[in-house]
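Here is the structure we will look at.
The values are calculated or read from the model by the stated rules, or taken from the named source; none is laboratory data. Bear in mind that the values here come from a model prediction, so they are computed numbers and not experimental data. For neighbour counting, all protein chains shown are included, and Cβ atoms are generated from backbone atoms with ideal geometry for every residue, glycine included.
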Amino acid sequence: MNIQSLIVNVTSEDPARLGAFYRDVVGLPRHPLHEGALALGGAILSIGTHSDTAGSAREPSRVIIDLCVQDAAGETARLKAAGVPCLLEAFSYRCDHCGAAFSTFADPDGSYFQLIEYNPALAGVR
């Protein structure tokens, strides 16, 4: 399989509200694919509708969008100040050869997304 791009399709009962949240509050730039598309580094977040989508996310952790950032603590503070529900704040995690800090938030539909900062200096912190 030769994958040419990655599109994450998120559906919502109110895609305009969800798209505005990820664009205006989280800060994802628009992608030229279509009006509801946002750039995720080399991938695309496409926000639209689906006939089976209604209400809030029933299993908000089923799929989590991870946004890798340079300053998880700073971005966490910014999103919290904007009123975004923070479920886990700037938790540092150690793996064998790297470290990471991440925070978990809920979007307006109740789905989770995370900010992750990979940083070797965080290795050994738990």
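Side notes on the structure shown:
- Residue check for residue 61: of a type in the set (Ser, Thr, Tyr), under 20 Å from residue 87 (Cβ atoms) and either surrounded by 12 or more Cβ atoms within 10 Å (Cβ to Cβ) or modelled with pLDDT under 95 (or both): yes
- Pairs linking a residue in region 6-35 that is more than 23 Å from residue 58 (Cα to Cα) to a residue that is in a helix (DSSP H, G or I) and modelled with pLDDT of 95 or more, with Cβ atoms under 7 Å and 6 or more positions apart or on different chains, are 28/22; 30/23.
- Residues in region 65-85 that are surrounded by 12 or more Cβ atoms within 10 Å (Cβ to Cβ) and either under 14 Å from residue 109 (Cα atoms) or in contact with an Asp or Glu (Cβ under 7 Å, 6 or more places away or on another chain) (or both): 65, 69, 71, 72, 76, 84, 85.
- Failed condition for residue 22, given (1) assigned by TED's automatic domain parsing to the domain that holds residue 113; (2) modelled with pLDDT of 95 or more; (3) of a type in the set (Ser, Thr, Tyr): (1)
- Considering (1) within 18 Å of residue 114 (Cα to Cα); (2) surrounded by 13 or more Cβ atoms within 10 Å (Cβ to Cβ); (3) of a type in the set (S, T, N, Q), the lone condition that residue 9 does not fulfil carries the number (2).
- Looking only at region 64-105, and only at residues there that are under 23 Å from residue 6 (Cβ atoms) and aliphatic (A, V, I, L, M), the one that is modelled with the lowest pLDDT: 100
- In region 1-45, residue nearest to the chain's Cα centre (by Cα) [restricted to those that are among the polar types (S, T, N, Q) and part of a loop (DSSP other than H, G, I, E, B)]: 12
- Of all residues in region 64-82 being in contact with a strand residue (DSSP E or B) (Cβ under 8 Å, 6 or more places away or on another chain) and small (Gly, Ala, Ser), the one that is farthest from residue 117 (Cα to Cα): 73
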